[in-house]
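Note sheet for the following structure.
The values are calculated or read from the model by the stated rules, or taken from the named source; none is laboratory data. Keep in mind the model is a prediction, meaning the values are calculated, not measured. Quick reminder, even Gly has a Cβ in these numbers, built from the backbone with ideal geometry, and neighbours come from all protein chains shown.
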Amino acid sequence: MEKENAKFYVVDGLDELRKIVQNLIQSCLEAIPDTKEGFINDTDGLVIRIQRDVQFRQLHLDEYAEVFMDHLQSELVQLSEDCNTFLLSDKKVHLEVNFKAYLIIILDVINNLIDHFKIHYSYCFNFKKVVPGRYKQKADLILTKISEKLIPSLELSGLEEKLLEVLKTYFSDMKSNKKVSFHLLDFWTVLINDLNKISSEGVEEVELDLCRIFCYHNFNYPPLIQYYISRLQLDYDAVDNYREEYIRITVEIRKLRQFIIRKGYGYDADAIELREALCHTLENELVCIKKLINMNKKIFEGTGTRYFLQQFYFKISISMEQFLFIFRLLIDKGIVLVKRKADLYEFIHAHVGTVKKNNLSIGNMQNTYAENNRVTAIKVRALLQSLIKQIDEKYLLTIFFFTY
């Protein structure tokens, strides 16, 4: 069957709806019902006829369903724009009260028809088509109210200001943009409703929930991707231990891969998925860290230092906490100079052991070094006092008697 035939596009009730709009615009009073109730009954009847006509076409079996729906959408969008334009002209030419009321009813009817086709015929609905102005205004009112409450609640959770600015910019752009597609408007609606459900307490839990939601809906909004990339990329001068950072990033990639995503959906379906962009960024960080680890290994092997240090090993009778505390005192005092504390941890891990076989893993030492343990401080002070006594008795008194 040739789908270019004009009858293919004829929908029962649509011509009558178009005539009502024309009569309102041309102020044909005799063609309009006298009462508001009568007008609503007429339009409700047209809605039922239009919906039935489309239903009986069995579009799910028609290979030209998308062509038909695109044409029907265009008709409804144009009618909506014509009504809205005429309604806005009230600022220049005064319209009768009943005409304004009828125009608003017609606009609501068209919006409801669009929603009906969007929900029940999503497989052939053209989501790339720009929404009519009145339809956008209705959505703006609802979504703006939600966003105005959402941002302050996210601020209270302690989120980074940069992330909040990204969300504020996105919400503002969606509200101010007059030419938004059905897809982008639907995406905004679904995203903001899910964000509004976040009930976690604590910045880390909120950040994790946000990331899950962003990845699920594939919110690959360029400023958001840029924010996450800048946050994930490391400052290698501030990295204490490359091996532990390598492990941490590997775990982060695994977490991201486990996030559930909505396949075939997203802010920009043609661009890279948000989850893939984040994983790709972290994988690049792993490559950089691996190169740095290999460079350090070559430096040690090339100078022969690595071989010499491997043979050097001793045990200590005090605990690892006390040993680290002494080193901390020496570093704080400027007696021992180290550029990276990680070098100290790696040295101790490779060449020092304790009699009681304490945990000398690099991660454990890193955590212990940062602690301010009063018990450890008291024990080290007692140890240092015994050393002072030993210096007095063994060295200072001997020198005194020899001089005398």
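Quick notes on this one:
- Matching option when the condition is within 25 Å of GLU273 (Cβ to Cβ), outside the structural domain of LEU76 (by TED's automatic domain parsing) and modelled with pLDDT under 95, among LYS145, LYS197: LYS197
- Here PHE127 meets the list (1) under 17 Å from LEU185 (Cα atoms); (2) assigned to a helix (DSSP H, G or I) almost entirely, failing just condition (2).
- Residue in region 178-190 that is in the same structural domain as LYS145 (by TED's automatic domain parsing) and assigned to a strand (DSSP E or B) present: yes
- Among the residues of region 191-240, those that are β-branched (Val, Ile, Thr) and in a helix (DSSP H, G or I) comprise ILE192, VAL203, VAL206, ILE213, ILE225, ILE229.
- The residue that is surrounded by the fewest Cβ atoms within 10 Å (Cβ to Cβ), among those in region 151-160 that are under 21 Å from TRP188 (Cα atoms) and of a type outside the set (Ser, Thr, Tyr), is PRO152.
- Of the helices (runs of 4 or more DSSP H) that lie entirely inside region 262-348, those containing 1 or more residues that are at pLDDT 80 or above span 274-303, 320-332.
- The residues of region 39-69 that are of a type in the set (D, E, K, R), in contact (Cβ under 8 Å) with a residue 40 or more places away in the chain and either touching a Gly at 6+ places or on another chain (Cβ under 6 Å) or surrounded by 15 or more Cβ atoms within 10 Å (Cβ to Cβ) (or both), listed by number, are ASP53, GLU66.
- Of all the listed residues (LYS118, LYS128, LYS36), the sole one being of a type outside the set (Val, Ile, Thr), touching a strand residue (DSSP E or B) at 6+ places or on another chain (Cβ under 8 Å) and touching a residue at least 12 places away in the same chain (Cβ under 8 Å) is LYS128.
- For LEU185, the criteria (1) in contact with a helix residue (DSSP H, G or I) (Cβ under 7 Å, 6 or more places away or on another chain); (2) hydrophobic (A, V, I, L, M, F, W, C); (3) at pLDDT below 90 hold in every case but one, which is (3).
- In a residue-by-residue description of region 87-96, the property of being in the same structural domain as LYS118 (by TED's automatic domain parsing) and modelled with pLDDT of 80 or more applies to at least one position.
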